[in-house]
Amino acid sequence: MADMTTLAPQAAFLWAMGGSLAVEILSVYSEVKTPAGMQGVASYYRSVPFWILRLGIAAVAGGLAIAEEAFKPILAINIGGAAPAILQLLTRPPGSGVPKTQPETQVPAQTLPSAK
């Protein structure tokens, strides 16, 4: 008998697609909740080519879940949700790397007043 917590690759693919699309749905929802309502939603959300491309990204998310062997629902959803960021990092030009941050500054330790 198969382990009930392990997904078949096809199911992991679908869970990851769902996680990827959930990110976009939450983005639309946050725009709809503004005072402008539906008029405040970005125009590209009303574009068929955008949604075709977004479904393509979701399908790639499903492929990433299979490649990572994310055969548990929560792992597949996490990979799906992170897929747009993963793909952006993978498509950066060579040598661009991760943006550099400022070095941390040392904050002097504060002493507590002694209890008398």
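Throughout, read-outs are computed from the coordinates displayed, never taken from laboratory work. This structure is a prediction, so every number in the text was calculated from the model and none was measured. For neighbour counting, all protein chains shown are included, and Cβ atoms are generated from backbone atoms with ideal geometry for every residue, glycine included.
Observations
- Evaluated with a Cβ-only charge set (Lys, Arg +1; Asp, Glu -1), segment 9-90 carries a dipole of roughly 180 debye about its Cα centre, given to the nearest 20.
- Where labels lie 7 Å past Cα in the beta-carbon direction, separation of residue 44 and residue 85 in nm: 1.9 nm
- Among 55-68, 12-25, 79-92, 36-49, the peptide with the highest mean count of other Cβ atoms within 10 Å heads the list, and the full ranking is 12-25, 55-68, 79-92, 36-49.
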